[in-house]
Amino acid sequence: MAHLKSALLVVDVQNDFCSPEGVFGKTEFDLAQVENAIDSLESFLRWWRSRNWPVIFIRTIHSEWTDSDSWLDRIEGSGREMKICRPDTWGAEFYRVTPQLNDLVVTKHRFSGFVGTDLNLVLRARGIESLCMTGVTTNVCVESTARDGFNLDFRILLVEDCCGAFSVEEHRASVHNIGRYFGLTAEWK
């Protein structure tokens with residue numbers, strides 16, 4: 001992957017998804033695999049930034065303005081009760097990683113970082129050809145963004161130990177799927 005034409009995407013590393021005090025941490029969801037991924041991501045992010053390569057944080061924000069009936073019915077209908085990453089809340093803040101001055105923050109309202117955002121425009125304007133995928137959850141928002149990026153003709157590299165899901169099985173299945181059909185997978189450590 002030609003690094004001068006690559007961008008690191010950090011997907012949904014936010015309190016509600018990652019912190020034990022967040023929405024998913026306070027439910028039956030297991031955060032162990034997510035915590036391990038954030039440990040790896042912190043060192044990978046330092047390494048990537050030391051080369052002055054582009055970093056794009058993608059965060060999700062949900063509000064009454066973006067919550068459709070189909071969106072609220074997700075997760076077997078519990079989307080109505082789980083108020084995830086609401087505007088201007090602690091849950092929507094980044095978890096253990098922080099955008100720096102030269103990083104871009106893209107706000108999304110659906111699983112994919114490309115749906116309803118200017119991510120594609122920004123990447124094209126910068127001449128980016130390859131996306132280095134990290135974040136949570138591997139099998140939902142990371143994979144959705146990777147798939148859409150692939151379909152927009154970006155090369156995809158999933159840094160599998162810098163991604164996490166709520167189960168090892170979900171994570172592994174997504175790593176397998178991306179590696180088989182949508183791009184390359186590799187471990188940082």
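Of the listed values (1) 13.0; (2) 10.1; (3) 13.6, identify the label whose number matches mean projected area of the Cα convex hull in nm² calculated from this model. Computing mean projected area of the Cα convex hull in nm² and matching it to (1) 13.0; (2) 10.1; (3) 13.6 gives (2). The residues of the chain expose, per residue, 49 Å² of accessible area to a 1.4 Å probe.
Heavy atoms only, probe 1.4 Å: what % of the accessible area of the chain goes to carbon and sulfur, would you let me know?
Values: 4790 of 9350 Å².
With neighbouring chains kept in place, the figure for the chain is 51 percent.
Do you know the relative contact order of the chain, to the nearest whole percent, from alpha carbon pairs under 8 angstrom that are 6+ apart? Relative contact order of the chain: 29 percent. Between the residues GLY127, VAL140, LEU101, the greatest Cα displacement towards the positive end of the dipole of the chain, with unit charges on the Cβ of Lys, Arg, Asp and Glu, is found for GLY127. In degrees, nearest 10, range 0 to 90: what is the angle between the Cα axis of helix 168-177 and the longest Cα principal axis of the chain? The answer is roughly 40 degrees.
Sort GLU187, GLU64 from largest to smallest accessible area, using a 1.4 Å probe on the heavy atoms of the protein chains. Walk me through the intermediate numbers first.
Values: GLU187 115, GLU64 150 Å².
Sorted by accessible area, descending: GLU64, GLU187.
Projected label points at GLU21 and SER43, each 7 Å from Cα along the beta carbon direction, are separated by 2.7 nanometres.
Residues SER144, SER6, ordered by accessible area of protein heavy atoms at a 1.4 angstrom probe radius and largest first, appear as SER144, SER6.
Non-local lysine pairs in the chain, meaning eight or more places apart or on different chains, with alpha-carbon distances under 29 Å, amount to 5. A simple spin-label model places pseudo-atoms 7 Å from Cα toward Cβ; at ALA186 and VAL122 they are separated by 2.3 nm. Length gained on full extension, SER50 to ASP153: 34.4 nm, using 0.36 nm per residue less the C-alpha separation.
The values are calculated or read from the model by the stated rules, or taken from the named source; none is laboratory data. Since the model is a prediction, treat every value here as computed from it, not as a measurement. Using ideal geometry, Cβ is built from the backbone for each residue, glycine included, and neighbour counts are taken over all protein chains shown. Note: accessible area is taken over every heavy atom of the protein model, side chains too, but ligands, DNA and RNA are not part of it. Shrake-Rupley method; radii C 1.70, N 1.55, O 1.52, S 1.80 Å.
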